[in-house]
Every structure is written in structure tokens, then in C-alpha cells.
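> Okay, handing you the structure first.
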Amino acid sequence: MTFRQFAFRNVVRNRRVYAAFFMASVFSVMVFFLNTMLLFHPTIEASPLRDIAMLGMGAADIVLYIFTVFFLFYSMRAFLQARSKEFGILLHLGMEKRQLHKLIFTETLLIGVASIGVGTFLGYMFSKFFFMIVKRIVMFPALPLYLSWKPFALTVGAFLSLFILISLIAPVFIRNVRVYDLLRGEGHDKEPHSYSKVRGMLGLVLLGLSYVLAAFTSNSIVVELIFLLPPLVTIGTYYFFTDSMPLVLHLFKVRKEFYWRHFRLLAISEGVVRLKENARMFFIVTIVSTVAFMSVGILASLTSFASQYREVNPLGLVYESYEGNELEQAHVSRLGKELRDANIDYTYVRFPVLQQQSSMTRNNVNIVQLAHINRLAQAFGKPVFQLAKGQALFLPPTHSTFEQLDQQSVKTILKDSGLVVTVNGAYPNQLFPAYAIGTNAIILNDEDYRTIESMQQEPLFVYHAFEIPNWQETKTIGLGISQSMSESILLGNDYEPTFYFDNPGLNYSVMRTTFTLLLVIGLLLAGVFLLAAGSFIYFRLYTSLESDRKQFDVLRRMGITDREFKKVVNRQLIPQFFVPWTVALVHSSFSFLSLQVIWDALAEISVVRELITVLAGFTVLQIIYFYLIRWRYLAHIRTPD
């Protein structure tokens, strides 16, 4: 038998140990390949979203590659520790360390090449199905299957270099270990975990402080918290697992009436030992899971913003004309002609916005006419209002300010015209985007409005509103005007734009496609992260599998029943699976509170439903993963080598 055959048979013989490592590697390669296939797709390259898509998918590939490097290094170290006895026997029988390093290099490279081959093959096999899903979600016209050397070359080159690097570095993990220590195996010196009460309390204080800051954040400090909270949470999480949890378990141990009861003694004492071995692993799993939750949650909130975009942008097209705009009539006529040519129904209302100073607040007040408001309201199917002479209504800048303004009644003099008006209550319907008419605006009855208009030569600006029922069909309307506006903005700070044009249908199409595409990419990355997080636990279970099997064999000889056996296993496995996941869930929940504050400030949109869906979905996946790993763990514990 040659050396290569020996290495190959070693891999085959240890297939149970390498199964999770191999499957996680295959999944990483497959996700990388699918993402790369989408990155180089001809439809994406010809799309207006090409730059955004390439940036998002390119960043996803980089993140996935870096994370895979870390994941493979960690898992390889765990597997080498699990096979420490085997390496000790080989060295004891006369194998040189140079030959052992060559054996590890060959085995790792064999697994890597097999992972690349299987992952790339599965990735291409599922490409058509993946493109169908992306096409339906992102609403691309077509994403046909294609064959190109670029995705294959990038995937094979990236992961082959990665596995070669790992194969060269892997032997370092056992280079300075004595044969005696290798023969004794992993986990032979299980001693109580030493911890610091100061660090334990510090971990709890840091996490508590982070949660309080996230829960009671506001618009004024949310940006600062984005940079402050991640380091606090990271340090607090590390101390929580290394010192805070041992401190809490010690408090349970000193309560003899609780500790010396049923199987609590075994579960808690074993938990203390597990903390010593796995504290860093718990920390890594928590951080990785938090990143996965937050990635999908943020992307889901972006998708929610796109889905609720119509609520904050009720008009189909918006054109604002300022003083000195000589193209106003030409642009408005052009928009109407393009809508008619495209057979798109619309209602057009012109709003000259006047401005007067209030004698009460000495602030400027923007004024619109009730007749114009009623005409636009009828287009939306809203009821019309009537105002007597001298009466007015507040026009809320946002939907959330309606209740506050509706309870106010103000009598003031519009100083420029000397008109006395009583502003009583607020207009209840949202007809404009937020702050479209200004932060301080009122609606005047027609007679009072015409009185002010006759005294004022020019309006502050003219707001042209197009209410379009089929607003998503306006993606091609006004493209020339948008280009002119962009060019005028790029002329420099000294040039003051004389008009503003907005096409919510086009904006929605771009945002929905972009955010949904990013969400698909985020879900793929989150899948890799969560699989890796569970694999970290799986690796540690297999590292200590031999000692666990001996422990449970002793318990069986003492007369433990099968039901009690499962109960003991559950008490040992459930904390390992669900404590890091629960901490990650709490981290993410408080982070989402800060995220909601940001969305409230930007668009007054609630993302609670989407975030609950994301966390509930991850919860179901974690429970399924737990029962799968528990089933395999029980099978291995009950089956002697």
C-alpha cells in the first residue's frame, strides 16, 4: 500500500468524523459558485443595476471566502484533536513527524479537492433552479442558464488556494505535542473552569448597558451607538461565556438542595467542564449567529421599505418648479404626453405654494388652496372638505404628526397680507410625500387663498402632482427630465437647480430589485453562517465523543434507563445549542430596536413583522438542526467503536 493509498483510506475510514466538515465545505463552495454564476450572468451585466449587483455579490463572495478560511481552520483543528490518539499511535510505531505532516497535508487536500468538485457540480446542477427563484423574486425579464469558464475558474481557484493553505498550516496544530499527550487523547484533564468574578460581573454590566442603550436610543444618538455598541457587545459576550456563566453555575452549585437533586449534579458539573472547553466556541457561535440574524434582518427591513414605499410616496409623479424655471411648462407638458402615449391614466393637479409669516410664531407658513387639495383627494377616493372664510387646516408634514396637530387650535395673522385666520385641526389624509409642502404648512379656503395670491407676485414654488393608479408602470416616464436634473446638480455648488422631478415608480423598481437581490445574497450567506455555527458545536461533540461514550457506558452499567439517558443527553446538548443561539437572538432583538428608530426617522415604516418572521424562521431551523445533531450524537454514543 502506497502512502497516498494510506492517506485515502484514512479519509474513508474517518468519514464519520469528516462528514460535517466535508458537507459544510461543499455547501460553502456551492453557495460561492451560485453567487459567482449570478455575478457573471449576462443579464446582470447588461442591467442598469450592474454596478450595485456586482458590488453586493462581490462583497458577499469576499465575506464568504474570509469566513470560510476562519471556519475551515477552526474545524480542521478540532478534527486533528479528535484524531490525536491515532496520530500518537502512528508516531509511536515509528512514523516520522515529517511523514505525519505529509499525511495530514494529503488528507486535507483530498477532502478539499473532493469538496470543490462536489460543490461546483451541485452548484451548476442547481443554477437553473436558483436563477428561476431569483428571476421570480427580483422580477428580471429572464435569467437563462449559461455556460462560462469564469465562475468555474474563480470558484476552483479561490477554494483550491484556500485548501492548499490549510493543508500546509494544519500540521502546525500538532507539531509541538508530545506522543504521550497524543496517546492520552483529547479531554483527559477535565478540571473545573477558573473564572474571575470581576470579569464575570463586567460581562453582565457591558451586556446590560448595551441593551439599555439600544432599547432607549433616539435619533440624536443612534449614529454614535452604531459604532459604540458592537465593541461593547463583543467584549461583554466574551466575558459572559468565559466568566459570567461559570459564576452563575457556581451559585447553583453552592445551593445543595438544588444541586444534589436528580441529574442536576451531573448536568451542572458537566456544564462547568464544557464551559472550560467550549467558552470560546460559544462566543464564536454567538457572534456568527448574531451576524447572520442581523444581515437577514437588515435586508428584510430594506425589502419591507420597498414594499411600503407606496404608502410614503402616494403620488405617481412629482414635479416641483422654483423661481426662474423657464422649462416648467415644457416639462409638465412632456410628462403628460408621455403618460398619454403609454396609455396610463392619471389625474394632474397644480399646486402654487404661497408663503406668509405668522404673527404668532414669527415663522414662515406655506399655504395651499383647499380646491386643489379636494381635487387631488377625489382622485384618491378621499372625502372633500369645506372651510369657511377665515378658517384653515394644518397640513401635517408626515402621517405621525397628524394627531398632534389635529388637537391644536391657533388664531394668527398672516402679516404680509394682514389676513386673520383660525387654524383648527389638521387634514387627515396623506396626499403628498413627507415634507413635500414644507414642515409648517396650512390649507386655506379658496377665497382667502385668492386674496393672498392677488397680493403676492410669485409663489414660493409650484408643486405639480400626478396621481397615477398604476404607478408602477411609470418606469420609463420622464427619463429625459431626470437626466437633465442630474446634470444640473452635477454642475456644482454655485448652480441652484430650478426644478425637482421624482418618479416613485422608477425608484420603487430599482429599490425593489436591488433590495430583493441583496436579500437573496444575504440568505445564502446566512445559510452558510448558521450551518457553520451548528458545525462548530458538532465538531466539539466529536472531539469529546470518546470520553462521552465512556461516561455514558458507566452510567448504563449503573442502571440508567433509556429515558433517563436521553434526559441527561438533552441537559448537556440543549445548553450547547440554545444558549449561544438565545444570546444571539437577544443581541439581534435589541439591535432591531435601534434599527426601528432609524426607519422611523427615515420613512416612518415599521419592520416588526419582517423581523419577527426572520427570527421565527431561524428558530425553526435551529430546532430542526438540534434534533438532527442529537439523533446522530445518540447513535454514536450508543455504538461502540
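> Note down the relative contact order for segment 317-504 as a percent, whole number, built from C-alpha pairs under 8 angstrom at least six residues apart. Can you show the working numbers first?
Working: 331 pairs, mean separation 67.9, N = 188.
Over segment 317-504, the number comes to 36 percent.
> By how many nm would the segment from residue 473 to residue 570 lengthen if fully extended, with 0.36 nm per residue of separation less the alpha-carbon distance?
29.3 nm
> Can I ask one more? Would you mind calculating the gained length between residue 608 and residue 66 on full extension (0.36 nm times residue separation, minus the Cα-Cα distance), in nm to one decimal?
This chain segment gains 192.0 nm when fully extended.
> How large is the charge dipole for segment 317-504, taken about the Cα centre, if only the Cβ atoms of Lys, Arg (+1) and Asp, Glu (-1) carry charge, to the nearest 20 debye?
540
> Calculate, in whole percent, how much of the Cα-Cα pair population of segment 326-409 lies beyond 20 Å.
Counting every Cα pair in segment 326-409, those more than 20 Å apart make up 53 percent.
> While we're on this one: What number do you get for segment 317-504 when its Cα radius of gyration is normalised by 2.2 N^0.38 Å, N = residues?
Values: Rg = 17.3 Å, N = 188, 2.2 N^0.38 = 16.1 Å.
Expressed relative to 2.2 N^0.38 Å, the Cα Rg reads 1.08.
> Sticking with this structure for a sec: Compute the FRET efficiency between residue 401 and residue 209 as 1/(1 + (r/R0)^6), taking r as their Cβ-Cβ distance and R0 = 41 Å, and round to the nearest 0.05.
It comes to 0.80.
> Need one number: nm distance between label points at residue 226 and residue 164, each 7 Å from Cα along Cα→Cβ, rounded to one decimal.
With each label placed 7 Å out from Cα toward Cβ, I get 4.0 nm.
> Counting other beta carbons within 10 Å of each residue's own, what order do 406, 548 fall into, fewest first? Walk me through the numbers on the way to the answer.
On the way: 406 16, 548 19.
Starting with the residue having the fewest Cβ neighbours, the order is 406, 548.
> Still on this structure: Taking 7 Å along the Cα-to-C-beta vector as the label spot, tell me the residue 330-residue 484 distance in nanometres, rounded to one decimal.
About 0.6 nm, to one decimal.
> A follow-up question, please. Obtain the nm distance between the two label points defined at residue 415 and residue 435 by a simple spin-label model: each point lies 7 Å from its Cα along the Cα-to-C-beta direction.
Taking the simple label geometry, residue 415 and residue 435 are separated by 2.4 nm.
Each value in this text was obtained by applying a stated rule to the coordinates, not by laboratory testing. None of the values given here were measured: they were computed from a predicted structure. We place every Cβ from the backbone using ideal geometry, glycine too, and count neighbours over all the protein chains shown.
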